[in-house]
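Heads up, the thing below is written out as structure tokens.
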Amino acid sequence: MNSVVLLVDDDPTIRLLAAEALSGVELAVVEAEDGNAALSLFDRHQPDLVISDVQMPHTDGHVLCRTLRLIPHGTDVPILMMTGSETPEAIDAAFAAGATDFIAKPLNYPILVRRAQLLLRSRQALAALHRSRLHLDRAQRIGKLAYWEWSVDSGDLYLSDILWERLGNEPKPLVASDEAALVTQLGQFIAPYHRELAALRLADALRRRSRFEFRHDALLDDQPSRTIDHVGEVLVNPLTKQIRICGLLHDVTDQLERESTIFRLANNDPLTGLPNRNYLKDHLEHYLATARRQNRSLAMAALNLDHFQRINDSLGYTAGNALIRQVADRLCEAVRRSDWVLRIEQQLAPESHDPAIDHLAHLGGDAFVVLLTELERDQDAAVAIQRMQEALRQPFAVGDQQIVLTASMGISLFPADAQDVETLFEHSDTALHHAKQQGRDRYQYYAESMNAQARERLALEAGLPIALEQRQFQVHYQPKVDTQTGRTMGMEALIRWLKPETGMVPPNVFIPIAERCGLIVPIGEWILATACHQSQAWQQTTQRDLKVAVNLSVRQFRDPGLLEAVERALGESGLHPASLELEITESILMEDATRTQEILRALKQLGVSIALDDFGTGYSSLSYLTRFPIDTLKIDRSFILHLNHDTRSAAIVEGIIQLSHSLGLHVVAEGVEHEAERQFLAERNCNAIQGYLFSPPLPADGFTSWLDEENRRCGRQETSKRDGDP
Ligand code: C2E
Ligand code: MG
Ligand code: MG
């Protein structure tokens with residue numbers, strides 16, 4: 001688009017010639033014959049350049065010039081004055097009125113055109129500069145950047161507009177005599193307590209002619225302190241050797257807050273606010289390095305609440321979470337107290353060292369990790385651990401419920417047990433696992449032997465799916481003998497794992513592993529199906545009513561597919577439900593009583609019967625016997641074992657039998673190995689006996705032979721009775 005020139009002169013000839021010359025270089029010319037006309041045309045056309053005569057009727061050139069400088073678009077438009085005289089006074093008067101340049105009359109038109117072009121170009125350059133300053137200003141505002149520049153030689157200090165604004169002042173010329181004065185001029189942008197540091201950094205940069213970079217606080221507008229990243233450099237003019245230093249202040253407060261939120265989310269457990277595994281792992285390397293350097297020990301303890309799942313099951317997850325938070329608080333409290341104990345005890349009795357529990361992390365669920373970094377001796381870890389366990393022993397209140405919790409802990413030591421973070425974690429877990437197996441509510445130091453056990457456990461866990469697939473399992477059957485008739489009335493199905501590499505693995509070893517990894521469910525279904533098929537086959541070949549008992553583990557019992565699996569096993573084998581008994585343990589009755597009752601009732605509705613296995617080893621609450629639909633009670637082997645030399649065991653067995661009978665329950669004694677035991681039980685009307693006295697668990701063909709043998713024996717007895725034998 002062409003630039004517009006407003007040409008003002010009362011002489012039409014000059015206007016004509018000037019307009020002609022200007023149009024020749026593609027300028028659009030608007031003409032006015034005096035100042036008044038010029039003002040109204042100016043408003044309408046907003047020209048890029050005004051060329052005006054000085055002497056005109058009505059409003060002369062000076063008045064026009066002054067008036068233009070007062071109206072919005074007129075402040076920065078270039079004005080070229082055509083003066084009649086070239087005296088210094090005339091020129092000064094023109095500039096005083098606000099002119100940008102002047103040209104003498106009579107006019108040299110080609111020169112007038114060049115002048116006009118020059119003015120227009122510099123106006124464009126100025127406009128571009130202005131725009132770029134605006135952009136810079138906007139960019140600085142967006143980037144929260146402020147800029148200053150100081151000339152060492154003159155002392156002149158320039159501050160960017162944002163700096164002035166944030167300091168709450170109007171821009172004015174500033175001078176600073178040295179770095180300290182410069183820092184003072186930056187006012188609250190550098191908090192008073194950081195000014196000395198700032199002056200030192202600037203002086204240092206000037207001395208080395210180098211970049212500088214440091215972080216400090218700013219205390220602006222009574223706001224909370226803001227964090228500023230301050231960077232800059234020293235500029236040396238290669239010609240004059242003059243030195244300037246400039247700085248850029250970047251407000252990073254919001255960025256740091258965002259970063260710290262992200263850090264918190266990544267490194268803290270949201271439920272308890274405690275550091276999480278991630279954080280612990282990141283920092284452990286550092287602690288190990290320090291411990292290594294200082295030749296110190298360090299202990300990691302894995303903490304797990306005992307039977308926490310029961311709380312979630314019975315009170316719900318919200319209450320469970322509330323409890324976890326309280327546990328975290330208690331543990332934190334124990335941590336803090338330990339610092340205090342540490343100090344006092346070190347003064348009083350340096351030999352009994354109570355180490356600081358300096359790190360507590362929550363790994364989620366009911367699992368915590370405690371780190372003890374100031375161990376004098378390895379055994380000192382136990383002191384701190386016991387205190388944490390003690391801290392949890394006071395009952396917790398959730399709603400109006402009082403809850404008693406215990407915790408198990410496993411400790412592994414650096415450098416005694418582990419040299420690196422991963423192994424430290426692994427070993428404390430292994431030790432924890434042992435503490436749980438030893439009966440919970442205790443702590444356990446890691447031992448090398450546990451690792452071998454853990455490896456074995458892992459190998460078994462890996463072998464289980466293969467065993468299922470490659471049919472390495474077998475079901476053995478142990479006869480249950482009727483005490484009165486001496487004849488087999490049923491059998492217990494007991495699983496066997498013939499592992500090709502290692503031989504027989506006892507069920508006590510692999511059932512808990514299958515239980516933990518969930519494989520017990522498919523394995524259990526297989527046992528059910530196999531036992532039902534086999535029993536149905538024996539029913540048909542022997543024409544005898546033999547009841548088979550199949551063990552159910554906790555996980556199997558809680559599995560939603562249990563009922564269907566039982567129905568399927570019965571349906572597919574054709575076994576009558578009355579010929580199937582399911583053995584459960586007391587621990588099943590203890591958890592979630594309502595649900596247990598529902599499942600038991602549903603099983604009973606199918607027509608199968610229920611036996612309570614290992615009675616006497618768990619809580620052995622007699623109220624279970626009335627509350628749950630149980631048909632048979634199996635007295636645990638541990639009582640039978642001591643029957644003949646411990647009067648207490650004898651009294652208990654006698655009591656259990658009497659009670660069971662009064663409740664209409666069938667009683668079976670397990671683990672009967674001696675005739676004297678059999679006699680004791682028979683005299684007290686125990687209904688059935690199972691044990692090595694008669695037979696160990698037998699493979700299916702062995703059990704078939706057992707039945708055949710019994711048939712022959714009884715056949716002979718029948719015959720001899722008929723024949724009148726004594
Ligand atoms: P349980 O159900 O109490 O089974 C009785 C255990 O006592 C069997 O051990 C049996 O062999 C053993 N036993 C029987 N009579 C005597 C005796 O006179 N003396 C001695 N010392 N022991 C005797 P087993 O077969 O090793 O099974 C151990 C446990 O493993 C079982 O205890 C049961 O809890 C579990 N189990 C076995 N098979 C299965 C199964 O198929 N499913 C499930 N869920 N658990 C099973
Ligand atoms: Mg059993
Ligand atoms: Mg048992």
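Would you kindly find the accessible area of Arg209, with a 1.4 Å probe and non-protein molecules such as ligands, DNA and RNA excluded, rounding to the nearest 10 Å²?
130 Å²
Under 12 Å from a point placed 7 Å out from the Cα of Leu468 along the Cα-to-Cβ direction: which residues of the range 519-537 have their backbone N that close?
519-527
Using every Cα-Cα pair within the range 431-475, state what percent have a distance larger than 12 Å.
Details: 669 of 990 pairs.
Here the long-distance tail beyond 12 Å is 68 percent of all Cα pairs in the range 431-475.
Taking the range 570-619 as the region of interest, what is the percent of Cα-Cα pairs per 5 angstrom bin, listed from the shortest bin to the one with the maximum distance?
Calculated P(r), rounded to whole percents: 4, 19, 25, 22, 16, 9, 4, 1.
On the protein heavy atoms, probe 1.4 angstrom, tell me the percent of accessible surface of the range 632-725 carried by carbon and sulfur. Walk me through the intermediate numbers first.
Details: 2400 of 4900 Å².
For the range 632-725, the apolar C and S fraction of the accessible surface comes to 49 percent.
Can you figure out the FRET efficiency of Thr318 with Glu259, using R₀ = 22 Å and their beta-carbon distance, to the nearest 0.05? Before the final figure, lay out each step's value.
Details: r = 32 Å, r/R0 = 1.47.
Computed FRET efficiency for Thr318 and Glu259 comes out at 0.10.
How high is the relative contact order of the range 573-644? Use alpha-carbon pairs under 8 Å, at least six apart in sequence, and give a whole percent.
On the way: 80 pairs, mean separation 24.4, N = 72.
This gives 34 percent for the range 573-644.
If each residue of separation counts as 0.36 nm, what is the full-extension length gain between His130 and Ser225 once their alpha-carbon separation is subtracted?
Values: separation 95, 0.36 × 95 = 34.20 nm, distance 3.40 nm.
My answer for the length gained is 30.8 nm.
Search the structure for amide H atoms under 5 Å from the amide H of Leu274, placed 1.01 Å from N in the peptide plane, and list their residues when 5 or more places away or on another chain.
Asp269
State the antiparallel share, in %, of DSSP beta bridges confined to the chain, rounding to the nearest 5.
Numbers: 68 of 109 bridges.
Among the beta bridges of the chain, antiparallel pairing accounts for roughly 60 percent.
Solvent-accessible area per residue for the range 638-689 at a 1.4 Å probe radius, Å²?
Values: 2500 Å² over 52 residues.
Per residue, the range 638-689 has 48 Å² of solvent-accessible surface.
Taking amide hydrogens as modeled 1.01 Å from N in the peptide plane, which residues meet the under 5 Å criterion relative to Val667, leaving out close sequence neighbours?
Under 5 Å from the amide H of Val667 lie the amide H atoms of Leu633, Asn687, Ala688, each far enough along the sequence or on another chain.
I'd like the accessible area for Ser553: 1.4 Å probe, protein heavy atoms, all chains in place, Å² to the nearest 10.
20 Å²
Give the percent of DSSP beta bridges with both residues in the range 476-588 that are antiparallel, rounded to the nearest 5.
Values: 9 of 17 bridges.
Around 55 percent of the beta bridges assigned by DSSP in the range 476-588 are antiparallel ones.
Given a Förster distance of 25 Å, report the FRET efficiency between Asn2 and Arg121 from their Cβ-Cβ distance, rounded to the nearest 0.05. Could the numbers behind the result be given before it?
On the way: r = 14 Å, r/R0 = 0.57.
Efficiency, from the Cβ-Cβ distance: 0.95.
Which percent of Cα-Cα pairs in the range 158-313 sits in each 10 Å bin, short to long?
For the range 158-313, the binned pair fractions read 9, 24, 21, 18, 14, 8, 4, 1, 0 percent.
Tell me the volume per residue, in Å³, of the convex hull enclosing the alpha carbons of the range 93-218.
On the way: hull volume 21.3 nm³, N = 126.
Per-residue hull volume (Cα only) is 169 Å³.
Give me the 1.4 Å probe accessible area per residue for the range 365-475, excluding ligands and nucleic acids, in Å².
Here the per-residue accessible area is 47 Å².
Which length gain, in nm to one decimal place, applies between Val398 and Cys517 when the Cα-Cα distance is subtracted from 0.36 nm times their residue separation?
Values: separation 119, 0.36 × 119 = 42.84 nm, distance 3.13 nm.
The Val398-Cys517 span can extend by a further 39.7 nm.
Can you list the HN-Hα couplings for the range 455-461, worked out from phi with the Karplus curve (6.51, -1.76, 1.60; θ = phi - 60°), rounded to whole Hz and with x for Gly and Pro?
4, 4, 4, 5, 4, 5, 4
For Leu70 and Ser662 in the same chain, what is the full-extension length gain: residue separation times 0.36 nm, less their Cα-Cα distance, in nm?
Values: separation 592, 0.36 × 592 = 213.12 nm, distance 11.58 nm.
Contour length minus the Cα-Cα distance gives 201.5 nm.
Rounded to two decimal places and with Rh computed the Kirkwood way over Cα pairs, what is Rg over Rh for the chain? Don't skip to the end; give the middle numbers.
Values: Rg = 48.7 Å, Rh = 36.1 Å.
Result: Rg/Rh = 1.35.
Per residue, how many Å² of accessible area does the range 253-293 show with a 1.4 Å probe?
Working: 2690 Å² over 41 residues.
Counting only protein heavy atoms, the per-residue value for the range 253-293 is 66 Å².
Provide Val234, Val152 ordered by accessible surface of protein heavy atoms (probe 1.4 Å), highest first. Walk me through the numbers on the way to the answer.
Numbers: Val234 20, Val152 55 Å².
Sorted descending by solvent-accessible area, the residues read Val152, Val234.
Only Cα pairs under 8 Å and at least 6 apart count here; give the relative contact order of the range 12-90 as a rounded whole percent. The partial results should precede the final answer.
On the way: 70 pairs, mean separation 20.8, N = 79.
Answer for the range 12-90 is 26 percent.
What list of ³J(HN,Hα) values in whole Hz, one per residue of the range 426-434 in order, does the Karplus curve 6.51 cos²θ - 1.76 cosθ + 1.60 (θ = phi - 60°) give from phi, with Gly and Pro shown as x?
Computed from phi, the couplings for the range 426-434 are 4, 5, 5, 5, 4, 5, 4, 4, 5 Hz.
Within the range 303-334, name every residue whose backbone N is under 18 Å away from a label modeled 7 Å from Cα of Ala593 along the Cβ vector.
Backbone N within reach: 310-316.
When the accessible area of the range 182-281 is computed with all protein chains present and a 1.4 Å probe, what percentage of it is carbon and sulfur? Before the final figure, lay out each step's value.
On the way: 3030 of 5760 Å².
Carbon and sulfur atoms account for 53 percent of the accessible area of the range 182-281.
Provide the solvent-accessible area of His307, counting protein heavy atoms only and rolling a 1.4 Å probe, rounded to the nearest 10 Å².
Per-residue accessible area (His307): approximately 80 Å².
Which whole-number percentage describes the relative contact order of the chain, with Cα contacts under 8 Å and a sequence gap of 6 or more?
Values: 1163 pairs, mean separation 43.2, N = 726.
Relative contact order of the chain: 6 percent.
Any chance you could give the angle, 0 to 90 degrees and rounded to 10, that helix 520-542 forms with the longest Cα principal axis of the chain?
With rounding to tens, the tilt is 20 degrees.
In whole Hz, with x marking every Gly and Pro, tabulate ³J(HN,Hα) for the range 697-710 from phi via Karplus 6.51 cos²θ - 1.76 cosθ + 1.60, θ = phi - 60°.
Going residue by residue, I get x, 10, x, 3, 5, x, 5, 4, 4, 4, 5, 4, 4, 5 Hz, with x marking Gly and Pro.
Where does the chain land at 222 nm, in deg cm²/dmol rounded to the nearest 500, when only DSSP H runs of n ≥ 4 count, each adding -39500 (n - 2.57), divided by all residues?
-16000 deg cm²/dmol
Starting from the Cα of Ser449, step 7 Å along the direction of its Cβ; do the same at Ala382; then give the gap between the two resulting points in nm.
Those two pseudo-labels are separated by 1.6 nm.
Counting other Cβ atoms within 10 Å of each Cβ, which trypsin sites (Lys or Arg not before Pro) in the range 91-198 have at most 15 and sit in a DSSP loop? Don't jump to the answer; show the numbers that get you there.
Numbers: sites: Arg114, Arg115, Arg121, Arg123, Arg131, Arg133, Arg138, Arg141, Lys144, Arg166, Arg195; in loops: Lys144.
Answer in residue order: no site qualifies.
Dipole of the chain (Lys/Arg Cβ +1, Asp/Glu Cβ -1, origin at the Cα centre): which of Met81, Leu197, Ser609 lies farthest to the positive side?
So the residue furthest toward the plus end is Ser609.
Given charges of +1 on the Cβ of Lys and Arg and -1 on the Cβ of Asp and Glu, with all other atoms neutral, how large is the dipole of the chain about its Cα centre, in debye to the nearest 20?
On the way: 72 positive and 101 negative charges, 186 e Å.
Charge dipole of the chain: 900 debye, to the nearest 20.
The values are calculated or read from the model by the stated rules, or taken from the named source; none is laboratory data. Just so it is clear, the model here is predicted, and its values are computed rather than measured. Heads up, the Cβs are rebuilt from the backbone with ideal geometry, glycines too, and the neighbour counts pull from every protein chain shown. Ligands, DNA and RNA are excluded from the accessible area calculation, which covers all protein heavy atoms including side chains. Shrake-Rupley method; radii C 1.70, N 1.55, O 1.52, S 1.80 Å.
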